[in-house]
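One structure below.
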Amino acid sequence: MTAGPAFRQASYDEPLLNELEESRSDAWTGRPLKEFKPAWIPAALARTTPLTLPDVSEPRVVRHFTRLAQMNFGIDSGPYPLGSCTMKYNPKLNEDVAAMPKFARLHPGAPAAASQGMLEVMHRLQEWLGAISGMHEVTLQPAAGAQGEWTSMLITRAYHASRGEAHRTEVVVPDSAHGTNPASAAMAGFDVVEIKSKDGGVDLDALRAAVSRERTAAFMITNPSTLGLFERKIEEIARIVHDAGALLYYDGANFNAILGKTNPGKMGFDMVHFNLHKTFSTPHGGGGPGAGPVGVVKELAPFLPVPIVAKRDGRFVLDHDRPQSIGRVKGWWGNAGMFVRAYAYIRLFGRDGLTENTEVAVLNANYVHHRLKGVYTTDIQPDVPRKHETVLSAAKLRDERGIRAADIAKRLLDYGVHAPTVYFPLIVEEALMIEPTETETREALDAVCDALLAIAKEEPELVKSAPHNAAVSRVDEVEAARRPVLTWRDM
Amino acid sequence: MPFAANAAHTAEILKAIGRSSVEELFSDIPVSVRATLDALPEGIGEGEVLEEVAAILARNVTADDAACFLGQGFYNRYQPSAVRAIVGRSEFYTAYTPYQAEVSQGMLQALFEYESIVGELTGMDAVNTSMYDGPTALGESARMAMRMKGGDTFLIPRAISAEKKSILRNYLVGTPGRLAEVPFDPKTGQITRAALEAAAAGHRVFGAYVESPNAFGVLEDVLPEAREAVGEGTPLVVGVDPLAQAVLEPPASWGADIVVGEGQGIGIPLQFGGPTTGIFGCRREHVRKMPGRLIGMTKDRDGRRAFCMTLITREQHIRRQKATSNICTNESLLSLAFAAHAALLGRSGLRRLAETNMANARAMVEALRGVAGVRVPLFSGPYFNEVVAKLPCPAAPLVDACLEDGVVAGHPLARAFPEVGEAVALAATELTTAAGVERLVRSLKVRIPLAAHAPTAAAAGVPAKGGAP
């Protein structure tokens, strides 16, 4: 290898916790108000199985996790153009807001008189999200985007049932949909009908053929699509769906592309979920937490989960008295830690800043699209502007040089760039789905593009054996699935 | 704007991509669907945001402001500074799901450790990295039980929260599954073997749930016999408090197939109810039917130990509508917090923390016995750190009144359990102080006589509708 990429990730042979040496006698557990008596635990229930977890000193535990952290790549480490995931830098301000003891130390069971401040934050956020989406009313309760989708499908069932149309048992999704869409519809008991895309968009003839007054409950789509293309015929789509008496659902995963430019209400949608952890700025936490609030049009509002935060006589209350509600989908009131972060984010940027963020996100995606499209290719509307992301194919490189999207993704890690989403959407072969977001500088975008272009010319063997600069070399996922070692007792 | 990185380079980038304006990039959005954000406020500075949020949140009465005796799954526990330092490493908290295992070994190993620790506490062979919370983990367990065994009835104890029942009903929408309640003994607050057997015999049961401690804080003595009572071949789901498991035998020993629980009590702040982590584990033979993300140990190309997500063909991004669950974004960071706190405590610390919680609850109960008209604990079953206190007056207004004395005097139960009448659930933790208990007792002694003449909730026409805690 000559000069090559400059990134080197830390690499420790850090033992597992259960392999660490015992190194302390005590941990702070509070001084009990009276002496513990073993007799308080019924003999039949008391633990006799030993607990394998060493007593390790605090500095060793902190070093353990610090080393693990150094073997982990986050958005603070480098570019993370993971398509459809909106991996943007989130203001550190958010973390300070969420750490405020006046929030972090508030018990969810506190009476309304003790939680007026938090209820006010939630009430304002409900109103703002309603305005942002063009929806009539918003619930903050769902814990994640997928739970928001499922909540919307439960609302869909309840709505049709209330009209004596429980026979509507099908939900239609395009073949480019996020996997959660069909999974959420199925989880709510619907049969999923998938329609083929045409030139990256909804095939209106296929949609017309798929929907019916007898069977169709809803059509779920995201706009812009997972290809990063805005669906121009959205109003016609809404007409087709509504003429069949079905509901139109907006997957809000791609909100980052439209904030301040259009909204789902204007487009004719009936329901929408938000990913507060994407556009509205909660760090992704290695997989979560998130929050998936849902907004709906007026006709669907009675079915929203309880409670909704309401304002009555100048006081904020948790309103449980909604007789047509589907009930609850999540414990307590939802992931409140995301509510305060989203509140801070919206407040910090305001209407103009949020709109500018959208513009730069789209500008950045188009820059990357433009720089790469000669080597990584697309035949789907190649000259139409992208929105938040672009999907390009490595099929040409596979055919000419024998390197696949998965190899390119692994090699990109060596450059200190997280891989794009690969092999999704399913309708593009050898897909690389790249979403740069508004928070990457041009310098960073150039680094991502330069790396991808360099990889296309590298020795195929070097690419196929990547990564070389990560904490470990290519991980054997097949073996992991064949003989699962799922806890340290399996070792 | 400080974060929209390329605002300064707009002209150059536009030139490079051959566009004349940013607006041109949005030219494909029809004019008829255009919308702006006029309804939102203008942006303000960071300092102003902090000031504004602090001013609004100042109206909250937190566990720092008043002696807090609230529980019901969420407990006022101490979060060590070291946990905050670990979770605050931005390599952890700004990462996405570890799809690229080679650059995500840190999170993967930490989550493998989380799975192992929960495996130690519950005896389960496979533990996923998280569900959204305890109640949704229970919802997923019912769906999994249905995948394991057909039928139409999921048995649940009457003595679980109304919130869990409502969530369970939603998780069973679109399936033949219905809920049937197993009553509690009004004296002990526990389900009995006879009641469990009777319920199991009366239906086509596809799963049975036992929770210990239950909504009354009571430990279920029936656990060692639950397997026999529900019958071989019927999935047994057990709900736990992970801290209590430090001193309790793992449910695996009682034949549990699935264990669920609320993970907040270890390492996770109250945060008005979320985010937290939902515990979900099962026996090895059921692993391919389980929901959620799993981390496994394997090797890299050079034979070094390595970790990766595994058995992913159960998940939505591969299996779509045939997935075992739709969950994608989960609560990984909170599972990391759980693992970090457990690591700092070690097995002795976990045990002592559990014992301290039990001891402080008993100190609270002894003090409350001195309050005229209060029956505590209302149920005679053994308890961990939470008990029910029967009151001689309406609970909700009493709790509001006690707030003025700097006390949050528990969680009213009348709406969820009308048969229990006016009562509160009160919890103690390692943060419960003698001064706090004294304040609770003093407040109740003053407020109860004042409230005793007010009508009860039922008499006042408050609907006994479920859902509200």
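Observations
- Ligands, DNA and RNA left out, the 1.4 Å accessible surface of the range B:147-290 is 52% carbon and sulfur atoms.
- Hz values of 3J(HN,Hα) by residue in the range B:53-59 - Karplus curve (6.51, -1.76, 1.60), Gly and Pro given as x: 5, 4, 5, 5, 5, 4, 7
- Note on the range B:73-113: Rg/Rh from Cα positions, Kirkwood definition for Rh, rounded to two decimals, is 1.08.
- Heavy-atom surface of the range A:96-347, accessible at 1.4 Å and reported per residue (Å²): 25 Å²
- Share of alpha-carbon pairs per 10 Å distance bin for the range A:96-347, given as whole %: 7, 33, 35, 18, 6, 1
- Under 13 Å, Cβ to Cβ, from residue B:407 - net charge with Lys/Arg +1 and Asp/Glu -1: -1
- Euclidean distance of C-alpha centroids, the range B:208-251 and the range A:269-292, integer Å: 34 Å
- Rounded percent of accessible protein surface that carbon and sulfur make up, the range A:372-491, 1.4 Å probe: 51 percent
- Overall Cα dimensions of the range B:58-158 - principal axes, largest extent first, Å: 49, 45, 26
- Debye log10 I(q)/I(0) for the range A:198-328, one point scatterer per Cα, at q = 0.10, 0.13 Å⁻¹: -0.41, -0.67
- Using the Stokes-Einstein relation with a Kirkwood hydrodynamic radius computed over Cα pairs, the translational diffusion coefficient of the range B:207-252 at 4 °C and a viscosity of 1.567 mPa s comes to 117 µm²/s.
- Normalised by residue number, the volume inside the convex hull of the Cα atoms of the range A:218-294 is 91 Å³ per residue.
- The interface between chain B and chain A buries about 17800 Å² of solvent-accessible area in total (1.4 Å probe, ligands and nucleic acids excluded).
- Dipole orientation for the range B:214-325: of the candidates B:290, B:230, B:240, B:290 has the Cα lying most toward the positive pole (charges on Cβ; Lys, Arg +1; Asp, Glu -1).
- Evaluated at q = 0.19 Å⁻¹, the base-10 log of the normalised Debye intensity for the range A:292-431, with identical point scatterers placed on the Cα atoms, takes the values -1.11.
- In terms of its C-alpha gyration tensor, the range B:299-353 comes out oblate, because a/c is 1.5 or above while a/b does not outweigh b/c.
- Packing-based ranking, highest mean first, of A:452-463, B:423-434, B:205-216 given that Cβ atoms within 10 Å are counted: B:205-216, B:423-434, A:452-463
- Per residue, the solvent-accessible area of chain B (1.4 Å probe, heavy atoms of protein chains only, all protein chains present) comes to 31 Å².
- Relative pair counts by distance (%), Cα atoms of the range A:357-482, 10 Å bins: 13, 44, 33, 9, 1
- Over all pairs of different C-alpha atoms in chain B, the reciprocal of the mean inverse distance, the Kirkwood hydrodynamic radius, equals 24.6 Å.
- Evaluated on the range B:13-69, the Kirkwood hydrodynamic radius is 16.5 Å, with distances taken between all distinct Cα atoms.
- P(r) for the range A:364-436, from all Cα pairs and a bin width of 10 Å, is 21, 56, 22, 0 %, short bins first.
- Net charge dipole, the range A:96-347: roughly 700 debye, given to the nearest 20, about the Cα centre with Cβ charges of +1 for Lys and Arg and -1 for Asp and Glu.
- Cα centroid separation, the range A:149-167 to the range B:377-436: 38 Å.
- DSSP-defined beta bridges in chain B - what % are antiparallel, rounded to 5: 55 percent
- Phi-derived couplings, Karplus 6.51 cos²θ - 1.76 cosθ + 1.60 at θ = phi - 60°, listed residue by residue for the range A:186-202: 5, 5, 8, x, 8, 7, 9, 10, 9, 10, 6, 7, 10, 6, x, x, 6 Hz, with x used for Gly and Pro.
- Approximate shape of the protein assembly as shown as ellipsoid semi-axes (Cα gyration tensor, √5λ), whole Å, largest first: 44, 32, 27
- A Cβ-based charge dipole, computed about the Cα centre of the range A:357-482 with Lys and Arg at +1 and Asp and Glu at -1, lands at about 160 debye.
- Kirkwood Rh, angstrom, the range B:263-383 [1 / mean 1/r, Cα pairs]: 18.5 Å
- Over chain B, Cα pairs under 8 Å with separation of 6+ residues give a relative contact order of 19 percent.
- The range B:1-141: radius of gyration and largest Cα-Cα distance (Dmax), Å: 23.7, 64
- With N the number of residues in the range B:222-277, Rg(Cα) / (2.2 N^0.38 Å) evaluates to 1.35.
- Between the range B:280-305 and the range A:418-480, the alpha-carbon centres lie 25 Å apart.
- Inter-chain Cβ neighbour count for B:165-174, averaged per residue, equals 6 (cutoff 10 Å, partner chain atoms only).
- Between amide H atoms placed 1.01 Å from N, distances below 5 Å from residue B:178 occur with B:153, B:154, all of them 5 or more places distant or on a separate chain.
- Neighbouring Cβ atoms from other chains, within 10 Å of the Cβ of residues in B:125-138, number 4 on average.
- Nonlocal amide H pairs with residue A:198, under 5 Å, H built at 1.01 Å: A:203
- Cα-Cα pairs of chain A separated by more than 44 Å (percent): 22 percent
- Spatially proximal lysines relative to residue B:445 (Cα-Cα < 19 Å; intrachain offsets below 8 disregarded): B:390
- Accessible carbon and sulfur surface of the range A:96-347 relative to its total accessible area, %, 1.4 Å: 46 percent
- Seen from a random direction on average, the alpha-carbon convex hull of the range B:360-405 projects onto 3.6 square nanometres.
The values are calculated or read from the model by the stated rules, or taken from the named source; none is laboratory data. Quantities reported herein were computed from a predicted structural model and do not represent experimental measurements. No Cβ is skipped: glycine too gets one built from the backbone with ideal geometry, and neighbour counts run over all protein chains shown. We work out accessible area using only protein heavy atoms, side chains counted, and drop any ligands, DNA or RNA first. Shrake-Rupley method; radii C 1.70, N 1.55, O 1.52, S 1.80 Å.
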